[in-house]
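Following: one structure in structure tokens, then a few remarks.
None of the figures in this text is laboratory data; all of them are computed from the coordinates on show. Computed from a predicted structure; not experimentally measured. When we count neighbours, we look across all protein chains shown, and the Cβ atoms used for this are built from the backbone with ideal geometry, even at glycine.
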Amino acid sequence: MLIVGGGTAGWMTAASLAHRLGRLGMSITLVESSAVGTIGVGEATVPAIRRYFQSLGLDAFQVMKSTNGTVKLAIEFDGWAREGHSFLHPFGRYGLEAGPVAFHDLWNRLRSAGDAGTLDDYAMGSRLARAGRMTLPPDQPRVDFENFDWAVHFDAGRFAAYLRSFAEARGVRRIDARIAEVLRGDGESIRGVKLDNGETHEAALFIDCSGFHRLLIEKSLQSGFVDWRHWLPCDRAIALPCAHADVDAIAPYTRARALEAGWTWRIPLQNRVGNGYVYSSDHISDDAALAALRAQLEGEALAEPNLVRFRTGHVKRFWIGNCVAIGLSSGFLEPLESTSISLIQMGIDKLLHLWPDTAISPVLADEYNRLSITEFERVRDFIILHYSANGRQGELWRHCRDMPLPETLARRIAAYRARGMLLKYDLESFFEPSWLCMFGNFGIEAGSWDPLANLLPLPDLQEVTRRVREDIRRVASGCMTHREFLAKAGALA
């Protein structure tokens, strides 16, 4: 098997396949050029990354120590619902349930009475994040609100290097070279690749991790591309790390701040802060975007700015013949909800689940493509909601409010407005609490709620939820600081 491209996608794939399939005696070669840079801005994750660590037998805190990693409890959305308004999208559940009555039905009833509080008040992850504190969720939560999850921020370059060492220790061979030519086989297949060092390498299966170049899946096999710019108009990003304003107060969350022509990210690592501006080139120039980003920096810039041009969408077929695209080569959804690495992970998981024999049945490729398209569409809808529900001024933001929505997203919004229903679809990446977070914080009102919620006396419901909010605040404020937690866990570099 030959993997074309390194970076996060290439080395995550190599590490997983070597670990899971090494006993089959399979040969794995990865080709990457040290002269070709990687995008390297995928520094924020979702909780699924910890399941990836576990799948390789890795300790999350040791990975964090090697990658200057920090805890991520949530994403702060600053100025999206309206200027001056901020809310957190935490990992995990909100509040409590009352038997068969879900929390969102209780909250919507309270909201109609004017005594609901904010959603942030009901999430342990949000309260910890705001306080700059961290603790591990208990193995057996005593109450619903103790059920929360967490992810990590890390240096993407260090993470790829960490996985490279892991993979090479398990027999993966790395070749430092560029692809000079892709050699086609019969039909829709690849026979091999010719490198710029004169070598030719053939394989039974090829994994395209060549990023936006898409050397195999698009340039050679002509997969075609499904372009979603009409829904997600941002098409460029500038990344620029800086020094911490206060290295002892590292926030355990990512920040996404809405600006005139897009949004900026802030990702705190142990040794620096990752910053970037994702924007629409139709609404701001590259120079103006860079100036706006520099104005956001809290400390000295630590590198030259890195400009990335991209298309949102995905290839029409992720698996063609004997070639599978994973990572940016398969598609890209802007990093608003930190899904790039989780989409890599899902691609690897599907490949392992559908691992072919030497014949490579097209049935497997068809199933892989079906699943991949659905996964991308589910993430797409969630990200579009952030834009379409915005309450900002400006040409870009008015366009996003007025644009027609995908039918699947329009149906979700209609169901929530009709009776506070949170629809469930197959292959979701974001579950009911995440959709509630967006609906509730963007002011999308539920027309009603589960009638069973009306059986609870309103004064009793108000008192119970008041105590829950107070308990969450009290527990969170008593936890150790983020830096203390990292030190105790052995995660400090």
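Per the Kirkwood formula applied to alpha carbons, the chain shows a radius of gyration over Rh ratio, Rg over Rh, of 0.97.
The distance linking the range 195-246 with the range 462-493 is 40 Å (Cα centroid to Cα centroid, whole angstrom). Axis angle, to the nearest 10 degrees, between helix 407-419 and the longest C-alpha principal axis of the chain: 20 degrees.
Suppose the chain between residue 62 and residue 186 were pulled fully straight at 0.36 nm per residue; how much longer would it get relative to their current alpha carbon spacing? Additional length available on full extension: 40.1 nm. Look at where the Cα atoms of the range 334-363 and of the range 253-281 average out, and the two centres are 27 Å apart. With the cut-off at 16 Å, report for the range 174-226 the share of all Cα pairs above it, as a whole percent. Result for the distance tail: 39 percent. Fully extending the segment from residue 303 to residue 473 would add 57.3 nm, taking 0.36 nm per residue of separation and subtracting the current Cα-Cα distance.
Averaging 1/r over each pair of different alpha-carbon atoms in the range 363-481 and inverting the result gives 17.3 Å, the Kirkwood hydrodynamic radius. Helix 362-388 sits at what angle to the longest principal axis of the chain, using alpha carbons and giving 0 to 90 degrees rounded to 10? Result, in degrees: 40.
Each semi-axis of the equivalent ellipsoid for the range 208-342 is √(5λ) with λ an eigenvalue of the Cα gyration tensor; in descending order they amount to 31, 17, 12 Å.
For the range 347-452, applying the loop criterion from DSSP together with a ceiling of 15 other beta carbons within 10 Å to the chymotrypsin sites (Phe, Trp or Tyr not before Pro) yields 425, 431.
Legend: calculated FRET efficiency, residue 230 to residue 118, from the Cβ-Cβ distance at R0 = 35 Å, rounded to 0.05, equals 0.60. If only the Cβ of Lys and Arg carry +1 and only the Cβ of Asp and Glu carry -1, the dipole of the chain around its Cα centre is close to 380 debye. Summing charges over all other residues whose Cβ lies under 11 Å from the Cβ of residue 236, with Lys and Arg as +1 and Asp and Glu as -1, gives -2.
Here the gap between residue 168 and residue 423, fully extended at 0.36 nm per residue and compared with their Cα-Cα distance, gives a gain of 87.4 nm. Taking the chain as the reference, fit the longest principal axis to its C-alpha atoms, fit the long axis of helix 340-353 to the helix C-alpha atoms, and give the angle between the two in degrees, 0 to 90, nearest 10. Long axis of 340-353 versus the principal axis of the chain: about 60 degrees. Within a straight-line Cα-Cα reach of under 16 Å, residue 219 can be paired with the following lysines, leaving aside sequence neighbours fewer than 8 residues apart in one chain: 194, 316. Dividing the convex hull volume of the alpha-carbon atoms in the range 304-364 by its residue count gives 112 Å³ per residue. The mean sequence distance of close C-alpha pairs (under 8 Å, at least 6 residues apart), as a share of the length of the chain, puts its relative contact order at 23 percent. Annotation: average projected area of the range 1-131 is 13.2 square nanometres, based on the convex hull of Cα atoms across all directions.
Here's the list of aspartates and glutamates a cross-link from residue 72 could span, going by alpha-carbon distance under 17 Å and ignoring same-chain residues fewer than 8 apart: 43, 59, 120, 146, 149, 155, 248, 337, 484.
For the range 380-458, trypsin sites (Lys or Arg not before Pro) meeting the loop criterion (DSSP other than H, G, I, E, B) and having at most 15 other Cβ atoms within 10 Å: 424. Sorting the segments 460-469, 181-190 by their mean number of nearby beta carbons within 10 angstrom, highest to lowest, gives 460-469, 181-190. Classification of the range 102-141 by its C-alpha gyration tensor yields an oblate form. The axis ratio a/c (a ≥ b ≥ c) is 1.5 or more, and b/c is at least a/b.
Using only the Cα atoms of the range 236-309, build the gyration tensor, take square roots of its eigenvalues as a ≥ b ≥ c, and label the shape rounded, prolate or oblate: rounded if a/c is under 1.5, else prolate if a/b is larger than b/c, else oblate. Taking the square roots of the gyration eigenvalues as a ≥ b ≥ c, the range 236-309 is prolate.
For residue 65, the lysines whose Cα falls under 22 Å of its own Cα, not counting residues fewer than eight places away in the same chain, are 488.
For the chain, adding -39500 (n - 2.57) for each run of n ≥ 4 DSSP H residues and dividing by the number of residues yields -11000 deg cm²/dmol at 222 nm.
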